[in-house]
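Take a look at the structure set out below.
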Amino acid sequence: MSTIYQPPRQYPNLPAQDPGLLADVVAGQARLTPQQALDILHNMSLAELGRWADARCRQIHGEIYRTYIIDRNINYTNVCSAKCTFCAFRRDAEDHDAYTLAYEDIYAKIAELTDIGGTQILMQGGMNPALPLDWYLGLLSGIKEKFPHVHIHAFSPPEFIEFVNFFDPPGTTLEDKIRWVMVRLREAGLDSLPGGGGEIFAPAVRRKIGLGKCDADAWLTCMYVAHTLGMFTSATMMFGHIEGLADRVHHIDLVRQWQDRALLESGARDPMDAGPGEPIATPGFGHYKAFISWPFQRENTPLGRLKEWGQGEGDSGEFPGDIVARLDGSGTKDLHPEFGRRLRMAGSTQYLRTQAVSRLMLDNIYSIGASWVTMGPHVGQVGLKFGANDMGSVMMEENVVSSAGTTYCLNEAVLCKLIRDSGYVPAQRNNTYDILRTHDGALSPDLQVRDWSEHRARKLHVQAPAGSATLTVGGR
Ligand code: SF4
């Protein structure tokens, strides 16, 4: 019997690594404070952190299944009004390799997806001022007419904020204006919103890396509007660049606070407490379903040209990002002269640590996604032991992250094998994390493979309308 949601209690006077506190966090009966989470991120051993995050994951998701989705990333345009310094994908409209896909090209991609049993498209693009509202309405209604069973997971908050700027909808507040646009897109076929453009919410960091992109308040407000309209969303974080560890914790904490708001205002059931197939949300109200984090990929990006901390003349002492970062997001760039001018890239260990902390902090979000797209299949697989329950998407194409460096492409058989080799039964899910198929029998995609040499993970191809690079990020 599931219960109406109430956030777990916090115990700020207990040490972060108190075993009793962590046992209660695993059981969903205590909430880590941001300070405790930061202490864990800094100081807990990797093995211990993985053990607690894995225990929490098993408490929520059980011992048997770990999931994936078959969807397709479609980046409908690379023309973008913003100039994020971490982005290798964007183009100006006059660039020789700028593109906007025609409706027919998009339909052809979706047809390829449905041919392999796919259920969802993840459609995001640059923020292209040349596209009017009618272009989006026509696209969505055309997709729904041709592919009524395909779930449309599309348009991240920065795109919505630019829709408001481009379309000038009626309304006195940003929330009103977003709602006006979102209602129309939803009526045309939009089903849910991906969490792209989250990056790092702290203003000092965001102003340095997200030039022309919406601030955290607008990002979170957009998702809140989607929730009030009954839509489910995801949240993301891109870390391992100029930010401090406290910025990561602040970011995760903001997602947690706004999830509280969605769940409390709707009188929803506890998302961790509902049985399989049992509705969590109050009809007419949505919430965040998932959180996915991944390290910044530097190749081909302006941000990636910065020196790593320690390589510059005079670099010494604490990383500038850590000196500037505050748990309430109030840090300012003037706290260190080299803030924003040095990188601290995150490798596998930092990825696993950060993901594990997100699992422990996000007591109100059902799913944590592993990021094999950027980290590689085997680190993504290890991620299933560091708090992640979901391997994201079979990757047919990826354009955004692959423009900025290494990304990997996996088919369904490899994804299932990675999950099975971790000790779980692979299961295909839909957007709301309901299980569509479980792979316990001999017909499972991985159990039919005799020669794995044909099924190795491969680097993504470069899709090139007019010579452009191709990119997407699975299952976000
Ligand atoms: S990350 Fe997105 S919003 Fe930023 S420049 Fe690239 S395409 Fe535009």
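How far apart, in nm, are two points set 7 Å out from the Cα along the Cα-to-Cβ line at Gln257 and at His42?
In this crude spin-label approximation the distance works out to 2.1 nm.
With a point put 7 Å past each Cα toward its Cβ, work out how far Leu264 is from Leu211 in nm, to one decimal.
My value for the distance between the label points is 3.9 nm.
Give the Kirkwood hydrodynamic radius (Å, one decimal) of the stretch 93-224, defined as one over the mean of 1/r across all pairs of different Cα atoms.
After inverting the mean inverse Cα-Cα distance, the result is 15.8 Å.
Placing one identical point scatterer on every Cα of the stretch 196-260 and ignoring solvent, what is log10 I(q)/I(0) from the Debye formula at q = 0.16 Å⁻¹?
Results for the stretch 196-260 at q = 0.16 Å⁻¹ read -0.50.
Please work out the C-alpha center-to-center distance from the stretch 1-72 to the stretch 149-192 and express it in whole Å.
Distance between centres, Cα-based: 34 Å.
Scaled to the compact-protein estimate 2.2 N^0.38 Å, what is the alpha-carbon radius of gyration of the stretch 31-467, rounded to two decimal places?
0.94
Sequence gap at least 6, Cα distance under 8 Å: using those rules, report the relative contact order of the stretch 31-467 to the nearest whole percent.
Normalised by residue count, the contact order of the stretch 31-467 is 22 percent.
How would you rank Trp219, Trp258, going from fewest to most other Cβ atoms within 10 Å of each one's own Cβ?
Taking fewest neighbouring Cβ atoms as first place, the list is Trp258, Trp219.
Per DSSP H run of at least 4 residues, take -39500 (n - 2.57); add these up for the chain, divide by its residues and hand me the 222 nm value, nearest 500 deg cm²/dmol.
Result for the chain, helices only: -11000 deg cm²/dmol.
Roughly how many Å is it from the Cα centre of the stretch 126-147 to that of the stretch 316-336, as a whole number?
42
What is the projected area of the convex hull of the Cα atoms of the stretch 149-234, averaged over all directions, in nm²?
Orientation-averaged projected area of the Cα hull: 5.7 nm².
Take Thr438, Thr172, Thr67, Thr228 and order them by how many other Cβ atoms sit within 10 Å, fewest up front.
Going from least to most buried by this count: Thr172, Thr438, Thr228, Thr67.
Here, each number is a calculation from the coordinates, and none is a lab measurement. For clarity, every value in this text was computed on a predicted model and none was experimentally measured. As a convention, Cβ positions derive from the backbone with ideal geometry for all residues, glycine included, and neighbour counts pool all protein chains shown.
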